[in-house]
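Step one of this worksheet: look at the structure below.
The values are calculated or read from the model by the stated rules, or taken from the named source; none is laboratory data. Bear in mind the structure is a predicted one, so any value in this text is a computation, not a measurement. Note that we place each Cβ from the backbone using ideal geometry, even for glycine, and neighbour counts take in every protein chain shown.
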Amino acid sequence: MVVSQVNGTFSAREQSIVAYLKKAKDLLSHFEVYEFLQISQVENGYVDVLSKLGSSRDSDLMKAIPIEKLSRLTIDESLPTTAMTISEFPRCMKEIITYLNDQVLPSDK
């Protein structure tokens, strides 16, 4: 759902989600290129279980796993945001990127 909200397919209705969505879009504006990959629910079982755990009312579970409820948003607009710029990749990274893009192994391999 988050991916769909960021790319504009779904709208965010809850005020807290709207604030996080705005922050995400502000941060994305610092990048020239980015890509979101939506993971299917089948492949993302752990996160699905965690999301259910967060809304669980099971008293035995609540005793075993501490869950912290935040009293306010964790977005602090007064803090500066920074993006790291990489001007050049190390040689080993160039080889990995070339392999991932073109399936070409380095000549010395």
Next on the checklist: Contact list please: Cβ distance under 8 Å, first residue in the stretch 22-35 and closer than 13 Å to ASN7 by Cα, second residue outside any helix (DSSP H, G or I) and of a type outside the set (Val, Ile, Thr), pairs at least six apart or on different chains.
Outcome noted: LEU28/TYR34
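Is it the case, given these coordinates, that TYR99 is surrounded by 10 or more Cβ atoms within 10 Å (Cβ to Cβ), at pLDDT 80 or above, over 15 Å from the mean Cα position of the chain (by Cα) and of a type outside the set (Val, Ile, Thr)?
On the way: surrounded by 10 or more Cβ atoms within 10 Å (Cβ to Cβ): yes; at pLDDT 80 or above: yes; over 15 Å from the mean Cα position of the chain (by Cα): yes; of a type outside the set (Val, Ile, Thr): yes.
Against the criterion (surrounded by 10 or more Cβ atoms within 10 Å (Cβ to Cβ), at pLDDT 80 or above, over 15 Å from the mean Cα position of the chain (by Cα) and of a type outside the set (Val, Ile, Thr)), TYR99 qualifies.
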